[in-house]
Amino acid sequence: MKLKNTLSQQINYLLKNRSGSRLEEQIIDLIFVEPFSLENNLLTQTLKQKRKEIEKKYDCEIKEMYKKQIKGEIII
Amino acid sequence: MWEYLNHKNGNVLAVKNLRGKNKEEFNYSQLNKKITKASKGFFNLGLRRGEVVALISENSPRWLIADQAIMRIGAINAVRGCNSPAIEIEYIIQHSKSVGLIIESRSVWEKLSIKNQIVENLKFLIVLEDESFGDFLGWNTFLEIGNKNTSEQYEELIDKCSADDVATILYTSGTTGKPKGVPLSHANLLHQITNLACIADPKPGTSVLSVLPIWHSYERSAEYFFFSCGCSQFYTIPKFLKDDIKQIRPTVMATVPRLWEAIYDGFFGALKKMPKFKRNLIRLLIRNSSTYKKNLRKIRNIDLYETSFISKLISLFLVIKSLPLHYLASLLLWPNILKQLCGKNLKFPINGGGALPEHVDLFFESLGVNVLVGYGLTETSPVLTCRRTWCNVRGSSGQPLPFTEVKIIDENNSILKYREIGRIFVRGPQVFEGYLDNTQASLEVLSIEGWFDTGDLGFLIPNGSLVITGRAKDTIVLSSGENIEPNPLEIEILSSNFISQVQLLGQDQKNLSALIVPNMELIENKFAEKNLLEMNQDFEIKKYFKSANKLFIKK
């Protein structure tokens, strides 16, 4: 889990220091996933990510993650 | 408009600032006088029809006066909030070719970096809430200028203004640092003012609590509309919303989903602290009322999906079963809870800027608050559709406003049937005519026949209500209504060597999050040196990051 924290801090650090960054542009959590590739049909022919399909594939995990967030807040 | 309102409700409180630095309040006749004075002031400073003034400030009565004064002489304002990054504000001032600059406070000016370059092109600089400093005129000094006599030209100028003139330029939130300018004409805004009446018809003197930033098209059109009804606007800020909502007891509020979620969370937070018996009783009653309302909706045919005759019968049975308890609860309990939550007078709670989560929607419905969810974009001034009190289909964004056409098309440009999902195109008097100095972007979204591509996906149901299902564009809209372009952020994130692919998430959520495809090879390498991973501080991460960079290059 430490890896997760370090990475998400790193991401937020990068986002914060981007020129013209805004307060909302910070992530609260992340999920590790399999690479997006042509084979698993998550990339287009021009190697762009198929955002809709990717979100659909990890739908459960994403929902789970946000649920955890909501619970965490109430405890705090 | 202000002259008319002056005659009709001169003595009605128009606007009051509850939380700003200067807690001013004006009635309609005072407001009208101030606007006239300010518009003469702008005239005397050399502002003319068609010229642009950048207005960088949050809500305040002074904002309103400056805004209306600029519009009265046919000039245009480009608006933005104080919290935008300096680079964005600078871009807006230059891109809109502003001849004047109005800022809320000294701090806004201090964060800009290319001051000289900006001042060169300006006829005047005004600061709203602070005293005069440097080249900036303080508000009262500025109004003095309006006391001087104006030439006949001033009257001529006002007569010349027409509805097709551009009234304001709004900038879309552009994460790239180069937001697109959306010019809206007086006609665009007037369509909203005249047609929002079919959603809410507040009487003069009705209290309106406004909490959203005025430089968003949604709050802006809503405010203009409420002023045109002679309502009393109270300005507050999100931090004090909870107190002010109880004090003001607003009848009308323009809000975003985030606010409703906050009230909802707050309620269930408080519920947890109650004694067990009371808690379970309230839970039971809410569930009961939810069943009642949900099934009543099915019978009345204002549900999202078609209901068969048999399921209607079941619903009817459930309605009858839950009626007595619901009746009791709504008589004894709900009014008290509502008083605690949002002041009991709330009659037209309008929601825009994003979809309301179903559970929140149902919760308020159970308590008897009919949230009116609307849909629109900056480019459409913004309201396109909105739920009506008499046809409030939960889950939908309501029926189109008058004179507004909506069509749903598939990839081959053919029009789809009811309940088939496709891209939403709209046409109507509130749709803008193209981005400022950006023909290419305009051509991408506007067709020759005037159809505007919203970039959203959705479907229509037979009573004309529009249901939004997602976005065709990549833009992520958080539940606060904030738009985020994920691509530039993702590119930035990819600059980390540990991440090979990334996708940002957060549509309709409070915060962003990310799907990460880690660079396993590198991470496993690093895992050997466990200490490094324990580093938390920003500067240490930076160091860590640097050493990692070196590592990568060596490879």
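The values are calculated or read from the model by the stated rules, or taken from the named source; none is laboratory data. If you're wondering where the values come from, they're calculated on a predicted model, not measured in any experiment. Methodologically, a virtual Cβ is constructed for each residue, glycine included, from the backbone with ideal geometry; neighbour enumeration extends over all protein chains shown. Protein only, heavy atoms only, side chains kept; ligands, DNA and RNA dropped before computing areas. Shrake-Rupley method; radii C 1.70, N 1.55, O 1.52, S 1.80 Å.
Pairs of alpha carbons in segment B:64-138 separated by more than 20 Å make up 25% of all such pairs. May I ask which of B:Lys37/B:Lys148; B:Lys34/B:Lys111; B:Lys203/B:Lys339; B:Lys16/B:Lys239; B:Lys21/B:Lys148 have a Cα-Cα span longer than 19 Å here? Over 19 Å apart, Cα to Cα: B:Lys34/B:Lys111; B:Lys203/B:Lys339; B:Lys21/B:Lys148.
By the gyration tensor of its Cα atoms, with a ≥ b ≥ c the square roots of the eigenvalues, what is the shape of the protein assembly as shown: rounded for a/c under 1.5, prolate for a/b over b/c, or oblate? Intermediate results must be reported in sequence, preceding the final value.
Values: a/c = 1.57, a/b = 1.11, b/c = 1.41.
It comes out oblate by the Cα gyration axes.
Put the Cα centre of segment B:243-318 next to the Cα centre of segment B:376-394 and the gap is 21 Å.
If you take the accessible area of B alone, add that of A alone, and subtract the area of the pair, what total do you get in Å², probe 1.4 Å, to the nearest 100?
Values: alone 26880 and 7030 Å², together 29790 Å².
Roughly 4100 Å².
The accessible area of B:Asp508, taken with all protein chains in place and a 1.4 Å probe, comes to roughly 60 Å². Sequence-distant contacts, meaning Cα pairs under 8 Å at least 6 residues apart, place the relative contact order of chain B at 11 percent. For n ≥ 4 DSSP H runs only, could you compute -39500 (n - 2.57) per run for the protein assembly as shown, divide by its residues and tell me the 222 nm figure to the nearest 500? So the calculated ellipticity at 222 nm is -13000 deg cm²/dmol. Beta bridges assigned by DSSP with both partners in the protein assembly as shown are antiparallel in approximately 50 percent of cases.
Volume per residue for segment B:257-366 equals 112 cubic angstrom (convex hull of Cα atoms).
When B:Lys273, B:Lys321 are compared by accessible surface with a 1.4 Å probe, the order from highest to lowest is B:Lys273, B:Lys321. Ignoring the sites themselves, chain B has its longest run without GluC sites (Glu not before Pro) in a DSSP loop having at most 14 other Cβ atoms within 10 Å at B:132-305. Probe radius 1.4 Å, ligands and nucleic acids ignored: give me the carbon and sulfur share of the accessible area of segment B:257-366 as a rounded percent. Looking at segment B:257-366 in its full context, I get 64 percent from C and S. Membrane-span-like helices in chain B (whole DSSP H runs, Cα extent of at least 15 Å along the helix axis, mean Kyte-Doolittle hydropathy of at least 1.0): B:309-332.
A cut-off under 15 angstrom between Cβ atoms defines the neighbours of B:His191, and their net charge, with Lys, Arg +1 and Asp, Glu -1, is -3. What is the Cα centroid distance between segment B:148-207 and segment B:66-116, reported in whole angstrom? Centre-to-centre (Cα) distance: 17 Å. Think of a 1.4 Å ball rolled over the protein heavy atoms: chain B then has 45 Å² of accessible area per residue. Phi angles of segment B:507-515 translate, via the Karplus equation with coefficients 6.51, -1.76, 1.60 and θ = phi - 60°, into HN-Hα couplings of 3, 6, 9, 6, 10, 6, 8, 9, 9 Hz per residue; Gly and Pro are given as x. Computed over protein heavy atoms with a 1.4 Å probe, the carbon and sulfur contribution to the accessible area of segment B:379-499 reaches 52%. Remark: chain A carries 65 Å² of accessible area per residue (probe radius 1.4 Å; ligands, DNA and RNA excluded). For segment B:84-99, accessible area lost to neighbouring protein chains reaches 30 Å² or more, against the chain alone with a 1.4 Å probe, at B:Pro85, B:Ile87. A cut-off of 5 Å between modelled amide H atoms, ignoring neighbours fewer than 5 places along the same chain, links A:Lys50 with A:Leu43, A:Thr44.
Taking amide H as placed 1.01 Å from N in the peptide plane, B:Tyr171 has its amide H under 5 Å from the amide H of B:Val79, B:Val182, each at least 5 places away in sequence or on another chain.
Once you reduce segment A:23-72 and segment B:40-54 to the center of their Cα atoms, the two points are 50 Å from each other. In the complete set of protein chains, residue-level accessible area for A:Tyr13 is approximately 40 Å², probe 1.4 angstrom.
Where does each of B:Lys246, B:Lys239 land when they are ordered by accessible area, with a 1.4 Å probe and the largest first?
On the way: B:Lys246 100, B:Lys239 160 Å².
Result of the area sort, largest leading: B:Lys239, B:Lys246.
For helix A:59-75, what angle does its Cα long axis make with the longest principal axis of chain A, in degrees from 0 to 90 and rounded to 10? Helix A:59-75 sits roughly 0 degrees off the main axis of chain A. Computed from the Kirkwood radius of its Cα pairs, the Stokes-Einstein diffusion coefficient for chain B at 4 °C and 1.567 mPa s stands at 50 µm²/s.
Counting DSSP beta bridges with both partners in chain B, what percentage is antiparallel, nearest 5?
DSSP beta bridges in chain B are roughly 55 percent antiparallel.
Listed here are the pairs B:Lys242/B:Lys273; A:Lys63/B:Lys312; B:Lys123/B:Lys160; B:Lys293/B:Lys347; which of them are more than 26 Å apart at the Cα? Flagged as over cut-off: A:Lys63/B:Lys312. In the assembled protein chains, B:Trp260 presents an accessible area of approximately 10 Å² (probe radius 1.4 Å).
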